[in-house]
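Asker: Here's a structure for you.
The values are calculated or read from the model by the stated rules, or taken from the named source; none is laboratory data. From a predicted model like this one, the values you see are computed outputs, not experimental measurements. Counting neighbours? That spans all protein chains shown, and the Cβs are built from the backbone with ideal geometry, glycine included.
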Amino acid sequence: MSVRYLSCGDTAFSVEFGNEISPRINGQVMALHAAVGRARAEGGLAGLVETVPSMRALMVCYDPLSTTRRELEPQIDALIARGLATDAASRKVRIPCCYDDPDFAPDLAEVAERTKKTPEQVIAAHLGSAFKVYVLGFMPGLAYIAGLDPSLYLPRRAQPRVRLPRSTVAIAMDMTTIYPFESPGGWHLIGRTPLWMFDQRREQPVFLAPGDSLTFERISGAEYDAIAQKVEAGTLDWSLFCSDGPGPIGP
Amino acid sequence: MSGLKVVRAGLFDTVQDLGRTGYMALGMPTAGAMDRIGLTLANALAGNPANTAGLEIGVMGPDLLVEAESVRLALVGPLSPSLIEGDDAPPRPIDSDRSHLLKRGQVLRVGMVEGSSTAYLAVAGGFDIQPFMGSLSTYARAGIGGLKGRKLAVDDVLPLKLDSAPAGEERKLGGPFDYGSGPIRVIWGPQDDYFSEAGRQTFVSAEYKVSKEADRMGIRFEGPAIEHSKGADIISDGIGPGAIQVPGAGLPIVLLADRQTVGGYSKIATVASVDLPRLGRLLPGRIVRFTAITVDEAESLRREQEARLQRAIAGLQVARPAGGIDLTRLYEENLIDGIVYEREAVR
């Protein structure tokens, strides 16, 4: 496997696996991210601070007072040479989503029109997509989730919204996302989940992690309210929505 | 509860330590002090480990009322004179770059930050605030960390771990720390191959001015446009501290403490960590140049700087107790008549 090492200053470098967005390349990124985590758990890779996976590259952050790029690079090479298990088990996450409230899904009609579908067909295509969390970024807990049914492909909105509510479910290009905070956003809003992608009160405040497999499940307005109440009260059993498995990797 | 009560808010004062590392994979920016040297020295003067959270003072400091038996605090940075008020004495100007002992009821009026964008205040023992994801650093954009996830506001109370200052003498820096001068040193990459040879030459030969769009997230520069050869857009990847991204218009943006974790603009170069504290102090209107060095050079420059920082900490000097009079100096300066305030004695 040929990778490119790119400098990100003297505190990080990037291990680039290719120049395309594909499940195969992202799988290699995530496998190296996991391999680094295991090596560190065994006391290896001294001076490495953290790794940051993205679509096709893993950024390796290090402390130049404890190690050097020259020392670390061969160790990363060795991990890659040992073989990256790209079929690692991932967590299965289910996101309950209410598509039926017009306040939750202001763009559903427009998406249907532009993709020449009925709103019900748009919902069905979203529900039928097998999603994978590729990368988190832009804001804490915001996941870029690839795998959207290609028939729903639309570019971002020409005019981004200045403010949209927390937990809005949106689509753009070949991805879907869930906004962790009230924030600006340029994607098409087709539903809302009662789950919070970021909750400071939880021991692990970020719900999704790179590598998670993810599907959406349709819920009614009443079901939405019932779950939302528990989320707000902090009494939700989150394991209902997430299988065991490698979760977010801490420091 | 012991604390420092904000009786007047400054402009952008946030609790910061050396950053929230370990969670970038979850989209969590590291945040942390813009000038790690300033925070480290303030902590050393207050008798704290380097990674203790202090107050980062942006542009204008707050007025803080001591609601504790006593507190030792240290100010580091180019501040206009700060004042201590209270105990029936006239307001007393105090120096930066040293520690001071304050008693209950006294008010510290932190001055304006002059000639830099940041200064630091550290308190002996630190703030009694629960860390969030292992750090006290404030990331205001998401309301995370620090005191209530935001900059200080009037009537906030910064809780203190200690109700009275530990015994010991006040300390001062042996001299100002040399942050270095000359061009800002950068390392090419990760996407220098997205730029034309002419574009790379522009970047390392032209002068760039710090625009008004400069904050904890980053600094947008004004100057000649840098020419791309493969376009401004890349498949989003990780953004390290000091990454210099160049969007389509060709003007560089240096990304700092509150930067997002991943981004989709090509990054021509990255500021060497040795010079990041300088970036954290740059004010709008300042002119800089960039010059390229290798990773090996940057790593060794950083280690030299760290050694100098440790020497500065080892070389802290005893300062007279706040409010006391330096008799030796008084006699030397032949000022034995009349009332002498500390500030005059210090000069």
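Asker: Please state which of the following conditions residue A:13 fails to meet, knowing it meets all the rest: (1) modelled with pLDDT of 95 or more; (2) within 7 Å of chain B (Cβ to nearest Cβ).
Answerer: The failed condition is (2).
Asker: Test residue A:83 against the stated conditions and say whether it is within 25 Å of residue A:7 (Cα to Cα), more than 14 Å from chain B (Cβ to nearest Cβ) and not polar (S, T, N, Q).
Answerer: On the way: within 25 Å of residue A:7 (Cα to Cα): yes; more than 14 Å from chain B (Cβ to nearest Cβ): yes; not polar (S, T, N, Q): yes.
Against the criterion (within 25 Å of residue A:7 (Cα to Cα), more than 14 Å from chain B (Cβ to nearest Cβ) and not polar (S, T, N, Q)), residue A:83 qualifies.
Asker: What is the one condition in (1) more than 26 Å from residue A:57 (Cα to Cα); (2) within 20 Å of the chain's Cα centre (by Cα); (3) surrounded by 14 or more Cβ atoms within 10 Å (Cβ to Cβ); (4) not β-branched (Val, Ile, Thr) that residue A:224 does not satisfy?
Answerer: (2)
Asker: If I go through segment A:181-220 residue by residue, how many of them are at pLDDT below 95 and not hydrophobic (A, V, I, L, M, F, W, C)?
Answerer: Of the residues in segment A:181-220, 16 are at pLDDT below 95 and not hydrophobic (A, V, I, L, M, F, W, C).
Asker: Okay, moving on. Looking only at residues in segment B:176-212 that are under 22 Å from the mean Cα position of the chain (by Cα) and at positive phi, which one is farthest from the other protein chains (Cβ to nearest Cβ)?
Answerer: B:182
Asker: If you don't mind, another one. Filter segment A:33-44 for residues that are within 27 Å of residue B:298 (Cα to Cα) and either within 14 Å of chain B (Cβ to nearest Cβ) or of a type in the set (Asp, Glu) (or both) and give the result.
Answerer: Result: A:33, A:36, A:37, A:40.
Asker: Separate question: Within segment B:238-253, work out how many residues are more than 11 Å from chain A (Cβ to nearest Cβ), touching a strand residue (DSSP E or B) at 6+ places or on another chain (Cβ under 9 Å) and not polar (S, T, N, Q).
Answerer: Qualifying residue count, segment B:238-253: 7.
Asker: For residues that are among the aromatic types (Phe, Trp, Tyr) and in contact with a helix residue (DSSP H, G or I) (Cβ under 9 Å, 6 or more places away or on another chain), tally how many sit in segment A:151-199. Quick ask: steps written out before the conclusion?
Answerer: So in segment A:151-199, the residues among the aromatic types (Phe, Trp, Tyr) come out as A:153, A:179, A:181, A:187, A:196, A:198.
The next check asks that each one be in contact with a helix residue (DSSP H, G or I) (Cβ under 9 Å, 6 or more places away or on another chain); those that pass are A:181, A:196, A:198.
Number of matching residues: 3.
Asker: Look at residue A:24 and say whether it is within 11 Å of another protein chain (Cβ to nearest Cβ), assigned to a helix (DSSP H, G or I) and exposed (fewer than 13 other Cβ atoms within 10 Å of the Cβ). Walk me through it before giving the result.
Answerer: Values: within 11 Å of another protein chain (Cβ to nearest Cβ): no; assigned to a helix (DSSP H, G or I): yes; exposed (fewer than 13 other Cβ atoms within 10 Å of the Cβ): yes.
Here the answer is no, as residue A:24 does not meet what is asked.
Asker: So, in segment A:144-173, how many residues would count as being closer than 15 Å to residue A:212 by Cα and assigned to a strand (DSSP E or B)?
Answerer: 3
Asker: Separate question: Scan segment B:106-149 for residues that are away from chain A (no Cβ under 12 Å), surrounded by fewer than 24 Cβ atoms within 10 Å (Cβ to Cβ) and within 22 Å of residue A:183 (Cβ to Cβ) and jot them down.
Answerer: The answer is B:140, and nothing else.
Asker: Then there's this: Hey, any hits in segment A:121-143 for a residue that's farther than 19 Å from residue A:214 by Cβ, of a type in the set (Ser, Thr, Tyr) and either in contact (Cβ under 8 Å) with a residue 12 or more places away in the chain or within 14 Å of chain B (Cβ to nearest Cβ) (or both)?
Answerer: no
Asker: Looking for whichever is buried (at least 22 other Cβ atoms within 10 Å of the Cβ), modelled with pLDDT under 95 and within 11 Å of chain B (Cβ to nearest Cβ) here; the options are A:59, A:30. Which one fits?
Answerer: When all the criteria are applied, what remains is A:30.
Asker: Same structure, new question: Failed condition for residue A:101, given (1) in contact with a strand residue (DSSP E or B) (Cβ under 6 Å, 6 or more places away or on another chain); (2) among the charged types (D, E, K, R); (3) modelled with pLDDT under 95, with all others met?
Answerer: (1)
Asker: Residue check, residue A:70 against (1) exposed (fewer than 15 other Cβ atoms within 10 Å of the Cβ); (2) within 9 Å of another protein chain (Cβ to nearest Cβ); (3) in a loop (DSSP other than H, G, I, E, B), all met but one. Which one?
Answerer: Residue A:70 satisfies all of (1) exposed (fewer than 15 other Cβ atoms within 10 Å of the Cβ); (2) within 9 Å of another protein chain (Cβ to nearest Cβ); (3) in a loop (DSSP other than H, G, I, E, B) except (3).
Asker: Filter segment A:144-161 down to residues that are within 14 Å of chain B (Cβ to nearest Cβ) and out of contact with any Lys or Arg (no Cβ under 9 Å at 6 or more places or on another chain) and give me whichever is surrounded by the most Cβ atoms within 10 Å (Cβ to Cβ).
Answerer: Residues of segment A:144-161 within 14 Å of chain B (Cβ to nearest Cβ): A:144-146, A:155-156.
After this cut, where a residue has to be out of contact with any Lys or Arg (no Cβ under 9 Å at 6 or more places or on another chain) as well, the list is A:144, A:155-156.
Numbers: A:144: 23, A:155: 10, A:156: 14.
Residue satisfying both the conditions and the ranking: A:144.
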